[in-house]
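A short write-up of the structure that comes next.
The values are calculated or read from the model by the stated rules, or taken from the named source; none is laboratory data. In this text, all values refer to a predicted model and were calculated from it rather than measured experimentally. As a convention, Cβ positions derive from the backbone with ideal geometry for all residues, glycine included, and neighbour counts pool all protein chains shown.
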Amino acid sequence: MFDLDVENLSVLVVDDHMVIRRLIESFLRENGFQNIDIAANCDEVMQKLEFHKYDIVFFDWNLPGKSGYAQMQELRENRAYDTMAIVMVTAESEERHVIEALKAGATAYIIKPVARETFDKNLEKVVSWLARVRNIAAEKKQGGPV
């Protein structure tokens, strides 16, 4: 199903509602993910990023303090996070929000309430994206064609 061994991928779920964090965490575990951290706001995200590298981060758009969208923009400005997948999981369903987030660097966009089938389809695309990005990075390191 997945292009990578998801057991070894590290994931951070960021949402100010515990129910949503736990729902996404359960979807991930049912898909074989084991390394899952959670955060309720962007301050917690930055604290966790100081000590840990994540392969995928799921952000809610609307968080207390700094928005998940603003945090995503900041992460995308830093080359160190180029190979990290960022997924917006939000109630912001207007087309302009989807377009803004994708243009700003979101790897995927999932609208709440989160349907399991939609989550799984997007997760598969995100893992495929990670596999491609890692292959490109490995080729660059070896001096091969990109």
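Odds and ends about this structure:
- Candidates 39, 85 - the one that is in contact with a Ser or Thr (Cβ under 6 Å, 6 or more places away or on another chain), buried (at least 17 other Cβ atoms within 10 Å of the Cβ) and not hydroxyl-bearing (Ser, Thr, Tyr): 85
- Segment 93-129: number of residues that are more than 19 Å from residue 21 (Cα to Cα), within 11 Å of the chain's Cα centre (by Cα) and of a type in the set (Gly, Ala, Ser): 1
- Taken over segment 42-65, residues that are surrounded by 15 or more Cβ atoms within 10 Å (Cβ to Cβ), part of a helix (DSSP H, G or I) and not aliphatic (A, V, I, L, M) amount to 3.
- Among residues of segment 66-91, those that are at pLDDT 95 or above, out of contact with any Leu (no Cβ under 6 Å at 6 or more places or on another chain) and outside any helix (DSSP H, G or I), counted: 11
- Selection count, segment 111-146, where residues are touching a residue at least 12 places away in the same chain (Cβ under 8 Å) and either crowded, with 16+ Cβ neighbours inside 10 Å or among the hydrophobic types (A, V, I, L, M, F, W, C) (or both): 13
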